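Trainee: Following this message is one structure expressed as structure tokens.
The values are calculated or read from the model by the stated rules, or taken from the named source; none is laboratory data. None of the values given here were measured: they were computed from a predicted structure. Positions of Cβ are backbone-derived with ideal geometry, glycine not excepted, and every protein chain shown enters the neighbour counts.
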Number of protein chains: 2
Amino acid sequence: MAKKKTVKKAKKAKSSSKRSKKNGSTPTKEKIVGLAESVVSHIDAEENPSLNVPIRSLSNVSFNTRKKIIEMGENKANRPFFDLGNARRFMQTMLMSSELLKLQDQFKTTSIRDMFYHCKHTIEGTREETFNDQDESDPIIEDLEVTLGSLREELRVFANPDGAMVGPAVIRDRGDEIDLSRMGSGGWAVPSIVEPDVIEFVKCKAKYVLLIEKAAVWARFNEDRFWESDKCMIIHGRGQPPRGVRRLCYRMVHELGLPLYVLVDNDPWGYYIYSVIKQGSINLAFESARMAVPTARFLGMSSYDAAEFDISPSVTIRLNDKDIARAKEIMAYPWFQDRRWQREIKHMLKLGVKLELEALSNKEFSFIADTYVPQKLKKGKWLD
Amino acid sequence: MAKKKTVKKAKKAKSSSKRSKKNGSTPTKEKIVGLAESVVSHIDAEENPSLNVPIRSLSNVSFNTRKKIIEMGENKANRPFFDLGNARRFMQTMLMSSELLKLQDQFKTTSIRDMFYHCKHTIEGTREETFNDQDESDPIIEDLEVTLGSLREELRVFANPDGAMVGPAVIRDRGDEIDLSRMGSGGWAVPSIVEPDVIEFVKCKAKYVLLIEKAAVWARFNEDRFWESDKCMIIHGRGQPPRGVRRLCYRMVHELGLPLYVLVDNDPWGYYIYSVIKQGSINLAFESARMAVPTARFLGMSSYDAAEFDISPSVTIRLNDKDIARAKEIMAYPWFQDRRWQREIKHMLKLGVKLELEALSNKEFSFIADTYVPQKLKKGKWLD
């Protein structure tokens with residue numbers, strides 16, 4: 001029964017592939033079809049069909065000191081269909097890839113939550129659900145990303161979008177030309193999928209990109225029209241930036257040749273946000289090559305800024321135990337071994353306080369945009 | 001010492017007011033100055049200066065069955081300066097209002113977090129901080145909102161912005177004309193402050209507004225260009241909509257005469273999101289008159305939809321204890337006493353399941369936009 005089902009799925013994928021060729025094919029579509037065809041050929045040869053899925057755990061992740069990004073290694077796990085421990089995940093992978101192919105055919109994008117619901121059903125003649133919850137379907141999508149070597153965005157699925165951008169540039173978003181210097185106070189909401197077939201850069205007069213941790217601080221820079229006077233793109237990702245914001249920064253750095261500066265709170269979480277933008281993350285190591293920006297510069301806030309800018313001790317916040325533990329963890333990461341980074345983090349621990357971007361408003365509402373950022377840029381006071 | 005300080009603050013506010021008159025005044029500015037002047041006149045008369053602050057607790061909140069909004073009553077608390085229990089809050093209120101006046105003078109907007117940092121300092125000659133944390137400063141801003149009768153947005157402070165909108169309309173945002181039908185996949189990010197001096201409606205061909213609970217579901221409607229074929233504005237607020245989104249909906253209903261339809265998950269939290277949009281909330285009862293939309297229609301999802309649209313039981317989710325308790329709480333609210341609402345909630349409890357918007361993708365990715373919403377609108381199947 002289960003076997004028959006799989007074959008049917010595979011054949012379905014194959015027939016979809018024929019249809020897709022009529023519609024025009026994409027590299028991603030070809031990859032999905034290729035996966036299905038390899039399974040079919042196993043079956044035709046009366047072999048136990050299996051998939052080789054790159055391993056996504058810490059054991060298969062390392063920091064590439066030359067490229068300066070966190071990378072996934074070469075280890076793969078074999079997932080045979082006729083195997084009690086693997087049959088369910090095999091079925092899920094085939095089902096998911098067949099449904100992902102529909103997105104390609106229909107030129108649609110959708111959310112990972114949608115994909116869970118879309119693929120969920122009771123398997124005929126059983127009481128077994130294809131997926132019990134989203135915790136089961138998300139890893140299958142990630143398995144497919146690494147197996148196919150396609151970004152999730154190329155598979156046309158996304159997590160929740162977030163973030164906004166403005167600046168002296170014109171983009172084309174699904175055919176609409178959008179002048180990012182005429183976006184008022186709201187800005188252009190950054191979508192989840194910013195691949196070149198959706199978002200094109202038409203014109204750009206910006207000299208750099210400033211990625212700001214917080215939406216409210218970004219609003220300050222926008223209201224003060226900092227992007228106009230300083231000729232830069234300003235973008236925020238509301239804390240840890242979502243994939244759309246990371247990928248857009250990557251594209252602006254690589255396609256427009258712009259340097260990327262990162263502005264975060266001075267606390268271990270700020271350091272970490274910066275490091276994910278720069279080196280990628282352990283969880284998503286397989287995406288570093290197309291998301292991480294090793295040239296990203298940490299503009300601030302630094303633990304030396306309070307003294308440098310004469311910030312009142314009244315607005316610093318004492319580090320709590322969690323902050324201290326996290327700072328020590330971060331100090332031990334291979335990508336924070338640079339002497340200047342060790343000094344930066346040690347100094348924070350020594351002072352025993354953290355500092356939020358908003359603390360700069362203790363001086364003047366616009367101190368951050370009028371004085372702090374311009375001065376740091378002018379003096380070249382960043383870490384990289 | 002403390003007394004002297006207060007007087008100084010009050011005088012400072014007064015002198016700011018003179019300056020502000022040169023810069024041109026606003027009703028909000030006048031109100032802040034008026035507050036300061038009344039305190040000064042107490043002092044000049046050698047009286048104990050005091051403030052009358054409307055009470056923001058549940059005891060002073062009621063549901064106005066005629067207007068169909070949650071309203072704040074008339075009760076006020078007197079906050080005298082020479083009173084151990086009130087001196088600190090009095091000082092904080094004066095300090096905050098003086099700094100809020102600066103925002104008016106400088107034509108700036110800022111975040112409530114910024115205001116906390118901006119007002120925080122060690123009181124001269126003491127070890128006392130003006131504010132210890134933001135939990136102290138936020139209520140002071142709310143006190144000032146109700147005391148002055150000014151929306152937070154009129155005081156030019158905001159919480160984090162969120163949400164996006166597109167549709168067949170042109171707006172002006174801080175002078176930039178933005179065509180909301182040419183916003184690509186991202187959309188226009190809704191700012192926190194959408195008052196008429198920031199956001200103007202230039203043109204609108206939309207026939208209604210569709211407020212969608214989730215960003216990812218909004219993305220489906222945008223990708224399918226539903227707003228174009230159905231001539232409507234589509235807006236999301238990522239769960240419980242932030243004030244900017246609520247206020248913008250309010251303005252579209254009142255100034256553009258558009259009906260507002262709300263599309264949320266079928267669970268107690270979805271009902272609640274709808275009810276806040278419609279009647280306002282207990283916490284922010286003082287804002288209902290300028291934020292709540294009593295004519296808002298609950299388009300879905302209804303507990304009857306699973307049967308109506310033949311949704312597979314596979315994608316419904318069993319109600320947990322928290323859901324059940326919350327549903328019963330909501331059933332008891334005066335504003336859910338309508339017979340049809342009681343029936344709706346009882347039916348959910350009877351079925352014992354909830355249903356997410358994304359569950360509709362179990363049929364087709366675009367089922368929600370192609371079939372579900374159009375059919376409900378056509379048949380007039382909403383609750384209000």
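Trainee: Can you list the helices (runs of 4 or more DSSP H) lying wholly within the stretch A:280-384 that have 2 or more residues being polar (S, T, N, Q)?
Mentor: Output list is empty.
Trainee: Count, please, the residues in the stretch B:126-149 that happen to be more than 10 Å from chain A (Cβ to nearest Cβ), within 24 Å of B:VAL33 (Cα to Cα) and not acidic (Asp, Glu).
Mentor: Qualifying residue count for the region: 9.
Trainee: So, one more: Filter the stretch B:90-112 down to the residues that are at the interface with chain A (Cβ under 9 Å from one of its Cβ atoms) and of a type in the set (Val, Ile, Thr) and list them by number.
Mentor: B:THR109, B:THR110, B:ILE112
Trainee: Still on this structure, please answer the following. Can you confirm whether the stretch A:283-301 contains a residue that is surrounded by fewer than 19 Cβ atoms within 10 Å (Cβ to Cβ) and more than 22 Å from the chain's Cα centre (by Cα)?
Mentor: no
Trainee: Conditions: (1) more than 14 Å from every other protein chain (Cβ to nearest Cβ); (2) closer than 24 Å to A:SER50 by Cβ; (3) touching a residue at least 60 places away in the same chain (Cβ under 8 Å). A:ARG152 meets all but one. Number of the miss?
Mentor: Result: A:ARG152 passes all but (1).
Trainee: Residue pairs, Cβ under 7 Å, 6 or more apart or interchain, first in the stretch B:113-125 and facing chain A (nearest Cβ under 7 Å), second among the aromatic types (Phe, Trp, Tyr). List them.
Mentor: B:ASP114/A:PHE365; B:HIS118/A:PHE365; B:LYS120/B:PHE131
Trainee: Give the stretch A:324-348 a look and list any residue that's within 30 Å of B:MET115 (Cβ to Cβ) and either within 14 Å of chain B (Cβ to nearest Cβ) or among the aliphatic types (A, V, I, L, M) (or both), or say none.
Mentor: A:ILE324, A:ALA327, A:MET348
Trainee: Taking the stretch B:178-202 as the search range and keeping residues that are in a strand (DSSP E or B) and more than 7 Å from chain A (Cβ to nearest Cβ), which one is surrounded by the fewest Cβ atoms within 10 Å (Cβ to Cβ)?
Mentor: Per the criteria, the residue is B:VAL202.
Trainee: Taking the stretch A:160-177 on its own, how many of its residues are part of a loop (DSSP other than H, G, I, E, B), more than 13 Å from A:LEU248 (Cβ to Cβ) and more than 7 Å from every other protein chain (Cβ to nearest Cβ)?
Mentor: Final tally of qualifying residues: 2.
Trainee: Oh, and also: Out of everything in the stretch B:215-260 that is among the aliphatic types (A, V, I, L, M) and part of a loop (DSSP other than H, G, I, E, B), what residue ends up being surrounded by the fewest Cβ atoms within 10 Å (Cβ to Cβ)?
Mentor: This residue is B:LEU256.
Trainee: Name, by its number, the condition in (1) over 26 Å from A:ALA216 (Cα atoms); (2) out of contact with any Ser or Thr (no Cβ under 8 Å at 6 or more places or on another chain); (3) within 14 Å of chain A (Cβ to nearest Cβ) that does not hold for B:ASN266.
Mentor: If we test B:ASN266 against (1) over 26 Å from A:ALA216 (Cα atoms); (2) out of contact with any Ser or Thr (no Cβ under 8 Å at 6 or more places or on another chain); (3) within 14 Å of chain A (Cβ to nearest Cβ), just (2) comes out false.
Trainee: Of A:PHE131, A:PHE63, A:PHE158, A:PHE116, which residue is at pLDDT 95 or above, under 24 Å from the mean Cα position of the chain (by Cα) and buried (at least 18 other Cβ atoms within 10 Å of the Cβ)?
Mentor: A:PHE116
Trainee: Identify, by number, the condition in (1) at pLDDT below 95; (2) farther than 23 Å from A:GLU195 by Cα; (3) not β-branched (Val, Ile, Thr) that A:GLU287 doesn't meet.
Mentor: Unmet condition: (2).
Trainee: Sticking with this structure for a sec: In the stretch B:349-366, which residues are more than 12 Å from chain A (Cβ to nearest Cβ) and either touching a Leu at 6+ places or on another chain (Cβ under 7 Å) or of a type in the set (S, T, N, Q) (or both)?
Mentor: B:GLY352, B:VAL353, B:LYS354
Trainee: Okay, moving on. Could you identify the single residue in B:ALA307, B:ALA369 that is away from chain A (no Cβ under 14 Å) and more than 25 Å from the chain's Cα centre (by Cα)?
Mentor: Every option except B:ALA307 fails the conditions.
Trainee: Could you pull out the residue among A:LEU100, A:LEU84 that is surrounded by 18 or more Cβ atoms within 10 Å (Cβ to Cβ) and not assigned by TED's automatic domain parsing to the domain that holds A:TYR272?
Mentor: Checking each option against the conditions leaves just A:LEU100.
Trainee: Would you check which residues across the stretch A:203-214 are farther than 16 Å from A:LEU360 by Cβ and either at the interface with chain B (Cβ under 8 Å from one of its Cβ atoms) or not in a loop (DSSP other than H, G, I, E, B) (or both) and list them?
Mentor: A:LYS203, A:CYS204, A:TYR208, A:VAL209, A:LEU211
Trainee: Please tell me if B:LYS376 is under 30 Å from A:ALA159 (Cβ atoms) and touching a residue at least 40 places away in the same chain (Cβ under 8 Å).
Mentor: Against the criterion (under 30 Å from A:ALA159 (Cβ atoms) and touching a residue at least 40 places away in the same chain (Cβ under 8 Å)), B:LYS376 qualifies.
Trainee: One residue is enough: does the stretch B:264-273 have a residue meeting the conditions within 23 Å of B:GLY187 (Cα to Cα), in contact with a Phe, Trp or Tyr (Cβ under 7 Å, 6 or more places away or on another chain), among the acidic types (Asp, Glu) and at pLDDT 95 or above?
Mentor: No, the stretch B:264-273 contains no residue that is within 23 Å of B:GLY187 (Cα to Cα), in contact with a Phe, Trp or Tyr (Cβ under 7 Å, 6 or more places away or on another chain), among the acidic types (Asp, Glu) and at pLDDT 95 or above.
Trainee: Test B:GLY24 against the criterion of being modelled with pLDDT of 95 or more, of a type in the set (Gly, Ala, Ser) and more than 23 Å from B:ASP135 (Cα to Cα), and give yes or no.
Mentor: When the stated conditions are applied, B:GLY24 does not pass them.
Trainee: Quick check on the stretch A:41-54: of everything there that is closer than 20 Å to A:LEU84 by Cα and hydrophobic (A, V, I, L, M, F, W, C), which residue is farthest from the chain's Cα centre (by Cα)?
Mentor: Ranking the qualifying residues of the stretch A:41-54, first place goes to A:ILE43.
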